[in-house]
Amino acid sequence: MNDILILLPDTIYIKKMKSNQNIITMSEEYNIYFKNILLPYNEKWDIQIKCKYGQNLGDCWRLSDYTESDDEFEFELIVYSEYGKKICSKKSKIIMSERSENIRTKLMFIGDSMTYSQKYVEHIFTSLRGIETVGMRSLNDNIMQEGRGGWSYDQYFNSWYEQFGLSPFLFPKNIMGKEYYGNKDFADIVNDKNAVTYQYYGYNFGEIKDGQYYTSCNKLYRKNGNESELIADNPEFEFDFLKYLERFDLKKPDIVSLLMGANDLQICPYEESENRIAKYIDNTEKIINEIHRADKKIKIIINMPVSGAEQYCWGTQLGCTGSEKMYRFNIMHASDCILKKFDNRQKENIYVSPMNACIDPVNGFPYTYVKANKYTEEMVKKQSNWVHPSLSGYCQMGDALAGVIEYIRKKH
């Protein structure tokens, strides 16, 4: 892990402003922030961009005037030392896609708290046309999603009876999707309006129907009239995407977006990085295979996970548990593995979105003003959340993902 990394896919998809469009709120902007794609990153380096379009603003390359740009053009990032020696470079092809007007697309978003907040999902929903979201969870009955705060891939593959969350994709073996109600203990809390807290928001469970199977206290039951028949202690579960669609009466998505990594790699010492990242990549491949086992035509977008904010808010919110630099190290090496494993697999309906490249590392996170120390009245600006972006940061994440979505919609 000693090489200099430039974390950009070979093809970057950008949503293009519609021709002859003059409404300012519908204008577009795409950013690639150098700190987010270079590991290590050195302020002394001269980062140059070879591109027919856009601007090199020092901290980022920005494309904001789309009216004259080609639909495809080359982009090259070159890094020079402070002594003028070329250190490394990366070439990518940029493909522009004008916003679709008459295409209907069903999208599913799987992720952690960043997806559960729905903010980047809502940005996509409002900036694209003809989008229908697919999922069993929602905070507003409009946007549907599969986001769960604090979750890593492990929960999606293993949590069928946990108090604070259940994977919707897990089913007792040999039981059909419609036959399975879910975990009654969890559903009882969801149905109790006085008990619902963060982990339970956005679910909707009805009553158990006669003949349905359900779990409670690590046991599997079947409802027979007013009685419950014990079927098994500690039943065996399996991940099944088709049963999930059947159970919740959902339409099959055209595109599934995956945004994981924050909890898989957040508190991960350097000594464990290699093994934890390997597990994260294995789980990414596993969920892709499970979705494609249901239908190989489903397009899957892997989002490169977002790096965190400055050390100050890591300290204020987590004490001495983690660090900005360790998290950035893990996230960026995981992104490198994503590119090596999944980039250039479009023919297999697998795409990579450089989401991390597009979020402002300074202004893309919430901030507050605090006293510099106990003895001074001087107020200083500090970022206030260690991993969760601000609304503007979420919008930039949405722009990165929307470009890939729009390309897929145009192509297919």
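The values are calculated or read from the model by the stated rules, or taken from the named source; none is laboratory data. Small disclaimer: the values here were computed from a predicted structure and weren't measured. We place every Cβ from the backbone using ideal geometry, glycine too, and count neighbours over all the protein chains shown. In case anyone asks, the SASA skips ligands and DNA or RNA and just uses the protein heavy atoms, side chains included. Shrake-Rupley method; radii C 1.70, N 1.55, O 1.52, S 1.80 Å.
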- ASN36 fails exactly one of (1) in a strand (DSSP E or B); (2) within 26 Å of the chain's Cα centre (by Cα), namely (1)
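Okay, residues lined up against (1) surrounded by 15 or more Cβ atoms within 10 Å (Cβ to Cβ); (2) modelled with pLDDT of 95 or more; (3) closer than 27 Å to ASP264 by Cα; (4) of a type outside the set (Gly, Ala, Ser):
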position: ASN140; (1), (2), (3), (4): no, no, no, yes
position: SER159; (1), (2), (3), (4): yes, no, yes, no
position: GLN163; (1), (2), (3), (4): no, no, yes, yes
position: LEU170; (1), (2), (3), (4): yes, yes, yes, yes
position: ASP188; (1), (2), (3), (4): no, no, no, yes
position: ASN218; (1), (2), (3), (4): no, no, yes, yes
position: LYS223; (1), (2), (3), (4): yes, yes, no, yes
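Condition check ((1) closer than 27 Å to GLY130 by Cα; (2) surrounded by fewer than 21 Cβ atoms within 10 Å (Cβ to Cβ)) across all residues:
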residue: VAL362; (1), (2): no, yes
residue: PRO366; (1), (2): no, yes
residue: LYS374; (1), (2): no, yes
residue: GLY398; (1), (2): yes, no
residue: LYS410; (1), (2): yes, yes
- Query: Which condition number does SER390 fail, the rest of (1) open to solvent by less than 40 Å² (accessible area, probe 1.4 Å); (2) in contact (Cβ under 8 Å) with a residue 60 or more places away in the chain being met?
  - Reply: (2)
- Query: Out of the stretch 109-147, which residues are assigned to a strand (DSSP E or B) and aromatic (Phe, Trp, Tyr)?
  - Reply: PHE109
- Message: Quick check on TYR33: is it open to solvent by less than 50 Å² (accessible area, probe 1.4 Å) and at pLDDT 95 or above?
- Response: yes
- Go through the residues of the stretch 183-190 one by one and say whether even a single one is outside any strand (DSSP E or B) and under 22 Å from the mean Cα position of the chain (by Cα). no
- Message: Between VAL387, VAL380, VAL370, which is within 27 Å of LYS90 (Cβ to Cβ) and not in a helix (DSSP H, G or I)?
- Response: VAL387
- Test: TYR375 is under 29 Å from SER64 (Cα atoms) and without any contact (Cβ under 8 Å) to a residue 40 or more places away in the chain: no
